[in-house]
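Remarks on the structure that follows.
FYI, it's all coordinate maths here, none of it is from the lab. Since the model is a prediction, treat every value here as computed from it, not as a measurement. With ideal geometry, Cβ positions are generated from the backbone for all residues, glycine too; neighbour counts draw on all protein chains shown.
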Amino acid sequence: MGIWRTSILAAGVLAGCSTLIIDSVEQLRENNKRNIAQLAIGTPRAQVEKLMGDASAGGKVGDILFGRLQYLEVKNPQRVERVTGPDGAAYDVLFYYTDLKARDDKITDDELTPLVFRGHELAGIGYGFLARLSPKYRGLQ
């Protein structure tokens, strides 16, 4: 009977501390926003990728503790795409998770920030820039 009481007490204490723990997905999202704010157009891609890192979050045992169930797994970059601009040039787009619109275990385009590279340099940031290159992103400006 003593083990059950100890287990219940431990669970209660841990549950009370759950507000002190930042969930890993939220932490990655905030880091991405902070890092993107430091970027300047013309920054070499290698430098941007180093700053942004290749971290991942969610979907692991540590994210399940304290009722913070994260089926969602986020990684840096979340998605990579190549688009051809109206000038005929190829642009690489790296999408980073920066915003939470709905807690629905899905990451939608409006929750990502695109970093657009032409050659080996950062050419633009955000959907405003990307929409000028690819019509499919015009609704996300």
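Structural remarks
- Förster radius 35 Å - calculated FRET efficiency between ARG82 and ASN35 (Cβ-Cβ, nearest 0.05): 0.95
- Within the straight-line cut-off of under 16 Å between alpha carbons, the lysines reachable from LYS33 are LYS50, LYS75, LYS101, sequence neighbours fewer than 8 places apart in one chain being disregarded.
- Under 5 Å between amide hydrogens, built in the peptide plane, is the criterion, and for THR98 it picks out LEU112, THR113 among residues at least 5 positions away or on other chains.
- Full extension of the chain between THR43 and LYS75 yields a length gain of 9.3 nm, computed as 0.36 nm times the residue separation minus the alpha carbon distance.
- Reciprocal of mean inverse Cα separation for the range 88-141 (Kirkwood radius, Å): 11.7 Å
- Ranking of SER56, SER134 by count of other Cβ atoms within 10 Å, fewest first: SER56, SER134
- Counting every pair of alpha carbons in the range 21-140, the share spaced more than 25 Å apart comes to 26 percent.
- Here the Karplus curve 6.51 cos²θ - 1.76 cosθ + 1.60, taken at θ = phi - 60°, turns the phi angles of the range 35-51 into couplings of 5, 4, 4, 8, 7, 10, 4, x, 5, x, 4, 4, 5, 5, 5, 5, 5 Hz, with x standing for Gly and Pro.
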